[in-house]
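Derivation of every value follows stated rules applied to the coordinates shown; laboratory data play no part. Bear in mind the structure is a predicted one, so any value in this text is a computation, not a measurement. Neighbour counts are summed over all protein chains in view; Cβ atoms, including those assigned to glycine, are modelled from backbone coordinates with ideal geometry.
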Amino acid sequence: MNFEQARFNMVEQQIRPWEVLDPGVLGLLFEVKRELFVPAPHASLAFADMEIPIGHGEAMMQPKVEARILQELAVRREESVYEVGTGSGYLTALLARQARHVTSAEIHADLHAGARANLERSGIGNVTLLQGDSARAPLGESGYDVIVLTGSTPELPQAFLDRLNPGGRLFAVVGDAPVMKAVLVERAAGGALRRTEVFETLLKPLANAQSPARFRF
């Protein structure tokens with residue numbers, strides 16, 4: 001398989017048509033080798049326009065969704081990032097190439113270990129990997145400039161908004177299938193929050209994601 005040709009085709013046929021035109025983001029997609037983060041049985045699908053299974057019912061997101069997340073967040077070099085759901089570590093690597101430091105939490109021990117190996121093989125060092133359940137709140141007590149939830153959640157837990165630094169941005173896919181909205185939440189310097197719906201998509205839910213209280217008859 002010609003990885004470089006497949007990578008080029010991915011960018012031109014999937015990423016650009018999905019309104020991802022930021023040259024910095026497009027450059028990252030060539031720089032960080034996606035094939036190094038795909039499970040060996042699915043190596044031929046590394047650049048396909050689909051979710052790729054990684055175990056436990058989890059999956060790598062479609063490349064166009066990963067790229068759109070990067071473009072919407074516009075991470076800066078001096079910023080800290082918190083990622084919910086490390087998965088294979090690919091989005092973690094992309095974020096780490098942009099940020100000062102990424103902290104990423106993964107509930108499944110084997111995915112946590114696999115992501116660590118993938119990141120080390122790719123020479124990514126400015127990452128702290130945590131193993132544990134982070135679907136309802138960040139692990140630890142730090143505030144962050146950027147927070148990313150890599151699985152969907154029926155509603156956005158307040159705990160994540162509370163950890164967002166002034167000037168920070170949070171990306172999440174909120175709702176239940178078949179209607180989910182990718183949202184960007186921005187905290188102004190004065191503390192006010194602005195929520196923008198940026199696109200529609202379907203994303204596998206986070207394990208133990210917070211659900212709203214349902215009225216029962």
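Before moving on, here are some points about what is shown:
- Helix-only arithmetic for the chain: the sum of -39500 (n - 2.57) across DSSP H runs with n ≥ 4, divided by the residue total, places the mean residue ellipticity at 222 nm at -7000 deg cm²/dmol.
- Bridging of residue 33 to aspartates and glutamates at a Cα separation below 18 Å is possible for 4, 12, 49, 51, 66, 120, once same-chain residues fewer than 8 apart are set aside.
- Relative contact order of the chain, taken over Cα pairs closer than 8 Å and 6 or more residues apart, is 15 percent.
- 3J(HN,Hα) from dihedral phi, the range 9-17, Karplus parametrisation 6.51/-1.76/1.60, rounded to Hz, x for glycine, proline: 4, 4, 5, 6, 9, 10, 6, 4, x
- Rounded to 10°, Cα long-axis angle of helix 63-73 versus longest principal axis of the chain: 50 degrees
- Rough spin-label spacing in nm, given labels placed 7 Å along Cα→Cβ, for residue 13 and residue 117: 3.1 nm
- Sparsely packed loop sites in the range 69-144 (the trypsin sites (Lys or Arg not before Pro) outside DSSP H, G, I, E and B with at most 12 other Cβ atoms within 10 Å) comprise 76, 77.
- Where a label projected 7 Å from the Cα of residue 158 along Cα→Cβ would reach, residues of the range 94-138 with amide N under 20 Å: 134-138
- Across the range 162-213, the relative contact order, built from alpha-carbon pairs under 8 Å that are at least six residues apart, equals 30 percent.
- Applying 1/(1 + (r/R0)^6) with R0 = 25 Å to the Cβ-Cβ distance of residue 30 and residue 78 gives a FRET efficiency near 0.60.
- At R0 = 41 Å, FRET efficiency that the Cβ-Cβ distance of residue 4 and residue 194 yields, to 0.05: 0.55
- Residue-span extension gain [residue 177 to residue 133] - 0.36 nm each, minus C-alpha spacing: 13.6 nm
- The loop-placed GluC sites (Glu not before Pro) in the range 86-186, going by DSSP, that have at most 15 neighbouring Cβ atoms within 10 Å of their Cβ come out as 141, 155.
- Ranked by how many other Cβ atoms sit within 10 Å of their own Cβ, fewest first, the residues 1, 50, 60 fall in the order 1, 50, 60.
- Between residue 147 and 82, 169, 170, 171, the built amide H atoms are under 5 Å apart, and every one of these is 5 or more places off in sequence or on another chain.
- Phi angles of the range 97-107 translate, via the Karplus equation with coefficients 6.51, -1.76, 1.60 and θ = phi - 60°, into HN-Hα couplings of 5, 9, 9, 5, 7, 10, 10, 10, 10, 9, 6 Hz per residue; Gly and Pro are given as x.
- Computed from backbone phi, the HN-Hα couplings of the range 145-156 come to 7, 9, 10, 10, 9, 8, x, 7, 9, x, 9, 8 Hz, rounded to whole numbers (Karplus: 6.51 cos²θ - 1.76 cosθ + 1.60, θ = phi - 60°; Gly and Pro given as x).
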